[in-house]
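Visitor: Pasting a structure below so you can have a look.
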């Protein structure tokens with residue numbers, strides 16, 4: 001099947017078969033697709049926690065409205081937004097320059113532009129901006145999972161501050177969304193619903 005066919009196959013899986021694992025090779029490919037997702041300024045202002053530990057996920061389930069996907073999936077990916085925008089710029093410049101002072105000096109213009117853009121944003125704007133970057137990465141993860149015939153379910157239904165505590169997240173990292181990965185317990189009982197093209201697209 002082609003990639004587009006696999007998108008037709010994909011559904012937001014509500015019930016996973018906990019006895020069927022996702023092979024490590026497929027997980028690695030999904031994580032690499034997430035890594036390759038486009039991102040504003042190339043800063044990748046997100047972080048993903050790959051939660052396999054069942055006890056941790058059971059604790060998370062208590063603050064995720066009891067959703068079964070949390071502890072029956074093979075992996076629960078927690079997409080987080082990073083709010084350390086200025087430090088992120090410094091880190092990117094360090095990586096790109098390889099620690100070479102001359103190379104870093106040549107990037108001064110880019111560094112000043114990036115920091116200037118970040119400094120214009122309020123803390124709330126930085127979080128909103130980083131959250132959008134995290135969702136771009138989540139979309140790539142879902143698409144890669146579909147290509148590999150790994151079932152997935154994107155989720156927002158959880159109490160973010162409680163999840164942050166359970167995962168012991170540092171102050172500059174905020175949980176944003178889940179992506180549960182696994183194998184469906186059964187095929188969907190209802191066909192996938194989508195609005196017609198004329199409702200979704202306008203050609204000018």
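Readers should treat all values here as calculations from the given coordinates under stated rules, not as data from a laboratory. Everything quoted here is computed from the prediction, not taken from an experiment. No Cβ is skipped: glycine too gets one built from the backbone with ideal geometry, and neighbour counts run over all protein chains shown.
Visitor: Among the residues of the stretch 170-204, what is the count of those that are in contact with a strand residue (DSSP E or B) (Cβ under 8 Å, 6 or more places away or on another chain) and either more than 25 Å from residue 144 (Cβ to Cβ) or part of a loop (DSSP other than H, G, I, E, B) (or both)?
Guide: 3
Visitor: Also, I was wondering about something else. Residues of the stretch 168-204 being within 23 Å of residue 16 (Cα to Cα), crowded, with 17+ Cβ neighbours inside 10 Å and over 15 Å from the mean Cα position of the chain (by Cα), which ones?
Guide: Hits for the stretch 168-204 are 182, 183, 184.
Visitor: Can you spot a residue in the stretch 37-46 that is surrounded by fewer than 15 Cβ atoms within 10 Å (Cβ to Cβ), within 20 Å of the chain's Cα centre (by Cα) and in a helix (DSSP H, G or I)?
Guide: yes
Visitor: If I filter the stretch 106-128 for residues that are within 17 Å of the chain's Cα centre (by Cα), outside any helix (DSSP H, G or I) and surrounded by 16 or more Cβ atoms within 10 Å (Cβ to Cβ), do I get at least one hit?
Guide: no
Visitor: Any chance you could count how many residues in the stretch 137-165 are crowded, with 17+ Cβ neighbours inside 10 Å and in a helix (DSSP H, G or I)?
Guide: 12
Visitor: Exactly one of these conditions fails for residue 22: (1) touching a strand residue (DSSP E or B) at 6+ places or on another chain (Cβ under 8 Å); (2) outside any loop (DSSP other than H, G, I, E, B); (3) crowded, with 17+ Cβ neighbours inside 10 Å. Give me its number.
Guide: Among (1) touching a strand residue (DSSP E or B) at 6+ places or on another chain (Cβ under 8 Å); (2) outside any loop (DSSP other than H, G, I, E, B); (3) crowded, with 17+ Cβ neighbours inside 10 Å, the lone unmet condition for residue 22 is (2).
Visitor: A further question on this structure: Is the stretch 78-86 home to any residue that is touching a helix residue (DSSP H, G or I) at 6+ places or on another chain (Cβ under 8 Å), part of a helix (DSSP H, G or I) and under 29 Å from residue 123 (Cα atoms)?
Guide: Within the stretch 78-86 (the criterion being touching a helix residue (DSSP H, G or I) at 6+ places or on another chain (Cβ under 8 Å), part of a helix (DSSP H, G or I) and under 29 Å from residue 123 (Cα atoms)), the answer is yes, since at least one residue qualifies.
Visitor: Go through the stretch 87-120 and count every residue that is under 30 Å from residue 180 (Cβ atoms) and touching a residue at least 24 places away in the same chain (Cβ under 8 Å).
Guide: Result for the stretch 87-120: 1.
Visitor: When you scan the stretch 63-86, how many residues do you find that are more than 15 Å from residue 162 (Cα to Cα), without any contact (Cβ under 8 Å) to a residue 60 or more places away in the chain and surrounded by fewer than 23 Cβ atoms within 10 Å (Cβ to Cβ)?
Guide: Result for the stretch 63-86: 3.
Visitor: If you don't mind, there's one more thing I want to ask. Answer with yes or no whether residue 7 is surrounded by 12 or more Cβ atoms within 10 Å (Cβ to Cβ) and over 13 Å from residue 142 (Cα atoms).
Guide: In short, no.
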